[in-house]
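Participant: Below: one structure in structure tokens.
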Amino acid sequence: MKSLFVRAEWDEEACVWVATSDDVPGLATEAETTEALMDKLKVMIPELMEANGYSDGEEISFELFSRRFEIARRLHA
């Protein structure tokens, strides 16, 4: 099985990372840190893939792409 692609975007209002994926049917989860999100994904992805009838071995490779927009301001002397 090819590596699955998971997107994570920062939700400024809720202060959480929100993960979704076109490769993992039904995936929608959130966490306060990317580390916590990764821990959740390691459990959820195999469960969702099995629930959707994908059973190509015991290991499932996935890539987490995270994106967060911020504003940096120059300090004036």
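The values are calculated or read from the model by the stated rules, or taken from the named source; none is laboratory data. Note that this is a predicted model, so its numbers are computed, not measured. Methodologically, a virtual Cβ is constructed for each residue, glycine included, from the backbone with ideal geometry; neighbour enumeration extends over all protein chains shown.
Participant: Select from the range 9-36 the residues that are part of a helix (DSSP H, G or I) and in contact with a Ser or Thr (Cβ under 7 Å, 6 or more places away or on another chain) and list them in ascending order.
Facilitator: Once the filter is applied, which keeps residues that are part of a helix (DSSP H, G or I) and in contact with a Ser or Thr (Cβ under 7 Å, 6 or more places away or on another chain), the range 9-36 yields only T34.
Participant: Across the range 22-64, what is the number of residues that are surrounded by fewer than 16 Cβ atoms within 10 Å (Cβ to Cβ) and in contact with a Gly (Cβ under 9 Å, 6 or more places away or on another chain)?
Facilitator: The qualifying residues number 2.
Participant: Still on this structure, I have one more. Return yes or no: is L4 at pLDDT 95 or above, of a type in the set (A, V, I, L, M) and touching an Asp or Glu at 6+ places or on another chain (Cβ under 6 Å)?
Facilitator: Here the answer is yes, as L4 does meet what is asked.
Participant: So, in the range 37-61, exactly how many residues are outside any helix (DSSP H, G or I), out of contact with any helix residue (DSSP H, G or I) (no Cβ under 6 Å at 6 or more places or on another chain) and either in contact (Cβ under 8 Å) with a residue 60 or more places away in the chain or within 16 Å of S3 (Cβ to Cβ) (or both)?
Facilitator: Total satisfying the criteria: 6.
Participant: Now for a different question. Tell me, which residue of the range 11-21 that is under 16 Å from F69 (Cα atoms) and buried (at least 16 other Cβ atoms within 10 Å of the Cβ) is farthest from the chain's Cα centre (by Cα)?
Facilitator: V16
Participant: For the range 62-77, how many residues meet the condition of being in contact with a strand residue (DSSP E or B) (Cβ under 6 Å, 6 or more places away or on another chain) and either aliphatic (A, V, I, L, M) or part of a loop (DSSP other than H, G, I, E, B) (or both)?
Facilitator: Looking only at that region, the number is 2.
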